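The values are calculated or read from the model by the stated rules, or taken from the named source; none is laboratory data. Keep in mind it's a predicted model, so treat the numbers as computed, not measured. As a convention, Cβ positions derive from the backbone with ideal geometry for all residues, glycine included, and neighbour counts pool all protein chains shown. What goes into the accessible areas is simple: the full protein's heavy atoms, side chains included, and nothing from ligands, DNA or RNA. Shrake-Rupley method; radii C 1.70, N 1.55, O 1.52, S 1.80 Å.
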Amino acid sequence: MLNIVEVKALQTLAPAGRLLFTTRIIRMFAYGFLSVVLALYLAERGFDERQIGLILTLTLIGDAVISLWISLVADRIGRRRMLMIGAGLMIFGGWVLAFTGSPFLLIIAAIVGTISPTGNEVGPFLSIEQAALTQTTENQFRTSVFVWYNLLGSLATAVGALTAGGLTTYLQNRGSTALDSYRLILASYGVIGGILLVMFTRLGTQVEPPIQIERKVGSRFGLHRSRPAVLKLSALFMLDAFGGGLVLQSVMAYWFFRRFGVDTAVLGGIFFGANLLSGFSALVAGRIAARYGLINTMVWTHIPSNILLILVPLMPTLPLAILVLLLRFSISQMDVPTRQSYVMAMVDPDERSAAAGITSIARTAASAISPTLTGILFGAGLLYAPFFLAGTLKIIYDLSLYRSFIAVKPPEEI
């Protein structure tokens, strides 16, 4: 059952906020749609496991660099304009990947285009939308707004994964080659980018920063008072993201294919269930945070999920591996809306785009390194190692975050 705060949080959204929720749903569907088949597509194109890992790394590095530029200039040049550029890069990435016959152009498209191998948010969208949504609600509703933002995004990712798995299997059963079925997914990803581009043109001035905001003395990269806290949080988030990057959703899909011979329809079903559980857990996260605080919720829901991550490759059968993975996803993302809310609470209004951008980019940059290491480990036959390493690093992050920030309270907890 929904509580009164969760209902009011949705009611407080302005039309621009509702439109941002809609674009989030469409975009996350596209990310889930792509992530199930991306590594499989690269394998069909003739890349080996180490090369696939390197391409995924380059994809995330490109996302981080472009996001850094867009996030730091968004409040000056215009948030709507930057969102439109991000959508344009989705079009470019999807269509070039789908239709080029050149490995060189394929790699360029992966680097420059907004491509999500994770099934999660990439590119400039998240940081800009966090800042825009925060200024449209009050402190007591902020966490609930981010809960809904992540819940609906996870549900859309789940549907996208299920759709991609079912569609590619259907096409292959009707005589299409695996390569052609995956190519259709990539082309469709570019079409969705075009839909988002049109929708972003309808955003008004409500998403832009207040006109009266002035750059503070000593401001650097858009930060001033909150710079030490944001940089420390960013360093911790990088550790978490590096661990998570070892087991991206596209990598997990490839691992299930290698370990158990799972086809794309089953893969779609697995990640539909995983993202569904992840989304609904966000509602629980909001209620836990209201009672126990944002940091406690981030840490003490995340540690058990990382223990479950370590256990996934130890399962001897496919059903047991799926069960443990689903249990893990049922609590693994509770820290996401609470993390976003905490960062926005700890900075001044004129620092929000920069703070969201820097913390998001730090995560993307750290996770970009990991797939190359995963590719090396897979290529050496160490299929279990990425799970063990990821879970261990993420637990270290949880304990470090708790030690560093448990005493630093957001306004609503003081």
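Just one of the numbered conditions (1) among the hydrophobic types (A, V, I, L, M, F, W, C); (2) surrounded by fewer than 24 Cβ atoms within 10 Å (Cβ to Cβ); (3) at pLDDT 75 or above is not true of residue 125: (2).
Does residue 133 satisfy the criteria of being at pLDDT below 85 and either open to solvent by less than 10 Å² (accessible area, probe 1.4 Å) or of a type in the set (Val, Ile, Thr) (or both)? The answer is yes for residue 133. If only residues of the stretch 267-320 that are polar (S, T, N, Q) and more than 20 Å from residue 250 (Cα to Cα) are counted, the one that is modelled with the lowest pLDDT is 281.
The residues in the stretch 332-348 that are crowded, with 21+ Cβ neighbours inside 10 Å, part of a helix (DSSP H, G or I) and not aromatic (Phe, Trp, Tyr) can be counted, and the count is 10.
The one condition from (1) under 22 Å from residue 397 (Cβ atoms); (2) under 20 Å from the mean Cα position of the chain (by Cα); (3) open to solvent by less than 10 Å² (accessible area, probe 1.4 Å) that residue 301 does not meet is (3).
For the stretch 160-184, the set of residues classified as open to solvent by less than 20 Å² (accessible area, probe 1.4 Å) and either among the polar types (S, T, N, Q) or closer than 30 Å to residue 413 by Cα (or both) consists of 168, 181, listed by residue number. Pairing residues of the stretch 352-370 that are closer than 19 Å to residue 129 by Cβ with residues that are open to solvent by 20 Å² or more (accessible area, probe 1.4 Å) and at pLDDT 80 or above, at Cβ distances under 6 Å and at least 6 apart in sequence or on separate chains, gives 362/238. Would a scan of the stretch 148-159 turn up a residue that is assigned to a loop (DSSP other than H, G, I, E, B) and open to solvent by 30 Å² or more (accessible area, probe 1.4 Å)? No, the stretch 148-159 has no match at all.
Taking the criterion of being buried (at least 24 other Cβ atoms within 10 Å of the Cβ) and either of a type in the set (S, T, N, Q) or not in a helix (DSSP H, G or I) (or both), the residues of the stretch 41-95 that qualify are 59, 67, 71. Report whether or not residue 368 is in a helix (DSSP H, G or I) and either of a type in the set (Val, Ile, Thr) or within 30 Å of residue 69 (Cβ to Cβ) (or both). Spelling it out, residue 368 is indeed in a helix (DSSP H, G or I) and either of a type in the set (Val, Ile, Thr) or within 30 Å of residue 69 (Cβ to Cβ) (or both).
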